[in-house]
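Every number in this text was worked out from the coordinates using simple rules, so none of it is lab data. Just so it is clear, the model here is predicted, and its values are computed rather than measured. Please note: Cβ atoms are built from the backbone with ideal geometry, for glycine as well, and neighbour counts cover all protein chains shown.
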Amino acid sequence: MDVVNKNDKVVGMATQDECYAKKLLHRIVHVLIFDNDGKMALQKRSQKKKFCPGYWSTAVGGHVGTGEDYQTAAEREYQEELGINSELKFIGKDFYTDQNGLQKFLTTFQTIYTGKFNINPEAVDEIKYFTIEELRQMVNNNTKIHPELLFLLKKYYL
C-alpha cells in the first residue's frame with residue numbers, strides 16, 4: 001500500500017501489516033449503498049476477517065493499493081466484495097484516527113443499487129438494508145459496528 005503524509009501525498013510503500021504495526025498513515029475507501037427508499041446496505045464482515053469479524057460495516061470498504069486512486073480502489077473493492085458495479089458518487093474525504101492511534105484517510109462514495117448481490121464469502125457473511133432510524137438504534141444499542149462505519153454514520157447521517 002502507499003504510505004502518505006498529512007497532505008495525502010505518497011511518501012513510501014508498505015505492506016498492510018507494516019502499516020498497522022508501525023501506525024503508518026494510509027488510505028481507505030468506503031462505498032455506501034442505498035436502495036430507492038433511502039435504506040443503507042451494510043455488510044456483516046466475515047468471521048474469517050482479522051479485524052472486527054462479524055461486525056456490521058459499510059457495504060464496501062478496503063485499502064487503497066499502491067498506485068491506485070480512490071475511485072479505482074472503490075470500484076475494485078465493490079467488485080471484489082459484492083461482485084457488482086454501479087455509478088459511484090464522491091461524498092467526502094476525512095482524516096480519521098482510530099482507537100489505537102492509527103491514522104487513515106477515509107474516502108467515501110455512495111451509490112443507489114437495487115439488484116442482487118454476489119457476495120464474496122471470504123469477505124462478507126451477509127448484506128442487509130437498514131433505515132436511518134434502525135441504524136440509530138443499532139448505535140444506541142451498542143451493536144457490533146465497525147469503528148469506521150460508526151465514524152461515517154455520525155458524520156453524515158446521525
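Worth a mention:
- Matching residues in segment 72-85 - criterion: being crowded, with 16+ Cβ neighbours inside 10 Å, touching a residue at least 40 places away in the same chain (Cβ under 8 Å) and closer than 26 Å to residue 131 by Cα: 74, 77, 78, 81, 82
- Condition met for residue 41 (of a type outside the set (Phe, Trp, Tyr), within 21 Å of residue 136 (Cβ to Cβ) and out of contact with any helix residue (DSSP H, G or I) (no Cβ under 8 Å at 6 or more places or on another chain)): yes
- When 117, 105 are screened for being over 28 Å from residue 18 (Cα atoms) and among the aromatic types (Phe, Trp, Tyr), only 117 passes.
- Matching option when the condition is charged (D, E, K, R) and touching an Asp or Glu at 6+ places or on another chain (Cβ under 8 Å), among 104, 89, 49: 104
- Number of residues in segment 127-138 that are of a type in the set (A, V, I, L, M) and exposed (fewer than 15 other Cβ atoms within 10 Å of the Cβ) equals 1.
- Residue in segment 55-71 that is touching a helix residue (DSSP H, G or I) at 6+ places or on another chain (Cβ under 7 Å), of a type in the set (Val, Ile, Thr), crowded, with 19+ Cβ neighbours inside 10 Å and part of a strand (DSSP E or B) present: yes
- Taken over segment 88-119, the residue count meeting the criterion of being assigned to a loop (DSSP other than H, G, I, E, B) and either acidic (Asp, Glu) or surrounded by fewer than 14 Cβ atoms within 10 Å (Cβ to Cβ) (or both) is 8.
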